[in-house]
Each structure stands twice: as structure tokens, then as C-alpha cells.
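Since every read-out is calculated from the coordinates, none of them should be taken as a lab result. Since the structure is predicted, the reported quantities are computational estimates derived from the model, not experimental observations. Here the Cβ is made from the backbone with ideal geometry for all residues, glycine too, and neighbour counts use every protein chain on show.
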Amino acid sequence: MTLALDRLSPNPVVSWEAFLVNYGEDNRFELIDGEVFALEPTGQHEQVAALITAKICVQIEQLGLPWFVLQRGILRPMEQGMTAFRPDVAVVDRRELANEPFWAGQSVLTLGSSLPWVAEVVSSNWQNDYARKLEDYAVLGIPEYWIVDYAGLGGTRHIGRPKRPTLSVCRWVEGDYEIEQFRGDDRVISPTFPGLTVTAAEVLGG
């Protein structure tokens, strides 16, 4: 996700309802376990996210899928009462939206079945992308999750030593993610978009 500049609430006291009222229309904020985080993307972060969006939109069009890329939205896992993520890039299945309790009035998703594919572009708060969101997205059953670490910021246990820019493609298998990593001239293999022809360097360079 984007760079976490500040934790606006020092204690986990902000409810989902209060977050939605005060920050729901402002995509600079995210709620994790009751703490509001102010987010500010870097230029490179936005460039990488934009390239991914463009590539994925082409794939959706070519495959004729009833999907679209969410521009401004919140993912609120129903079992996590005081958490509301804002994925950097998220693909939504139109057919599932009738089952979403908030969608008719707000750009809020709660079900993993609505999201066949999600990507987070890593910045300084890399722990959330490699740990917390990895776990929550797995619980939701999101089939494919990309962790796009263009600056090689993740811990060495995630991307090795020496740390290098790395794209981790997480494929959901029986309740957990199997992770394959791509770097440099590696062609990115996407289970969801098998026709994708892009190298890790192209994605990570934005």
C-alpha cells in the first residue's frame, strides 16, 4: 500500500462506522485494527500502480471477462470489524456485486468472491503487505494477490539477501497462498491472466 505518514489514532478506538463517516470518501486514509493511517503515495508508487492497471485492463478486455478495475474503493473484511483496506489495484467481478451489502450506496466491498485479483504496491509500511494483508486476503479467498516491491523494501525473509526489487505472485491454494517471485527479465506468470506478457522489470519500473 502507500506510504504511512502518520497514525492518526494512537489507540485502536476508531470503529468502522466512524471511519466511514469521517474518511470514507477520502482515499488517503486506511483503517487497521481501529487505527487510522494517513497515506501519501510517492510518484514512483503511482507510476507502478498505473502501469499494472493498464496491463490488467487490457487482459480483462481481451478475455471478455465481466470484471473491472476498482478506482476508488474500500475492502472491509466482515470478520475484521475495525479494518478497512484500500488496495492499490483491485479487480472486481460484476456478477458478485449483488451480494455486497454496501455496494449500492458506497464503494465498499466485503467478500473475497467479489475480488478475483488484488495488488499492493509496497512502500515503507511493507509489513502490512507481506504479513497482515497476505493473511487477510488468504482468509477472504482472493485467488491471486501481487506484492509489488519496486524498491526492494521488504524484509530479507520475504525477498532474500541482498534485497532487490521483487514481484511476488501469491496464488490461493486450499486456504493459503503459494508464492512465486519474479525479478529482472523474468516473465511474470499470472494464474488469473495467463496471456499476460510482461517482465518483472517492466512492472517494477512502472
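Structure data summary
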quantity: Region 97-198: radius of gyration over Cα atoms, expressed as a fraction of 2.2 N^0.38 Å; calculated: 1.15
quantity: Residues with amide H under 5 Å from that of Ile74, placed H, sequence gap 5 or more; calculated: Val108, Leu109
quantity: For region 163-171, Karplus couplings with θ = phi - 60° (6.51, -1.76, 1.60), whole Hz, Gly/Pro x; calculated: 6, 9, x, 9, 10, 9, 9, 9, 9
quantity: Estimated translational D of region 57-97 in µm²/s (Stokes, Kirkwood radius over Cα pairs; 25 °C; 0.890 mPa s); calculated: 212 µm²/s
quantity: Whole-angstrom gap from region 182-206 to region 144-180, using each part's C-alpha centre; calculated: 13 Å
quantity: Alpha carbon convex hull of region 71-133, projected area averaged over orientations, nm²; calculated: 4.5 nm²
quantity: Loop-located trypsin sites (Lys or Arg not before Pro) in region 5-108 whose Cβ has at most 11 other Cβ within 10 Å (DSSP); calculated: Arg72
quantity: GNM flexibility winner over the chain from Gly73, Gly160, Gly24 (Cα, springs under 10 Å); calculated: Gly160
quantity: Among Gln181, Gln62, Gln47: highest mean-square fluctuation, GNM of the chain, C-alpha pairs under 10 Å; calculated: Gln62
quantity: Three principal axis lengths of region 13-115 [C-alpha, angstrom, descending]; calculated: 45, 36, 20
quantity: Of [x] 1.07; [y] 0.94; [z] 1.00, the label for Rg/Rh (Cα atoms, Kirkwood Rh) derived from the coordinates; calculated: [y]
quantity: Extended-chain gain in nm, criterion 0.36 nm per residue less alpha-carbon gap, Glu40 and Lys163; calculated: 41.9 nm
quantity: Cut-off of 10 Å, at most 15 other beta carbons, DSSP loop: longest stretch of the chain lacking such GluC sites (Glu not before Pro); calculated: 80-173
quantity: Interatomic Cα distance distribution for region 35-85, bins of 5 angstrom, percent; calculated: 4, 15, 17, 19, 19, 15, 10, 2, 0
quantity: Span from the region 90-104 Cα centroid across to the region 46-79 one, whole angstrom; calculated: 13 Å
quantity: Normalised per residue, the volume of the convex hull around the Cα set of region 142-206 (Å³); calculated: 83 Å³
quantity: Cα centre as origin, Lys/Arg/Asp/Glu Cβ charges: region 66-145 dipole, Debye; calculated: 220 debye
quantity: Rounded to the nearest 20 debye, dipole of region 27-78 from Cβ charges on Lys, Arg, Asp, Glu; calculated: 180 debye
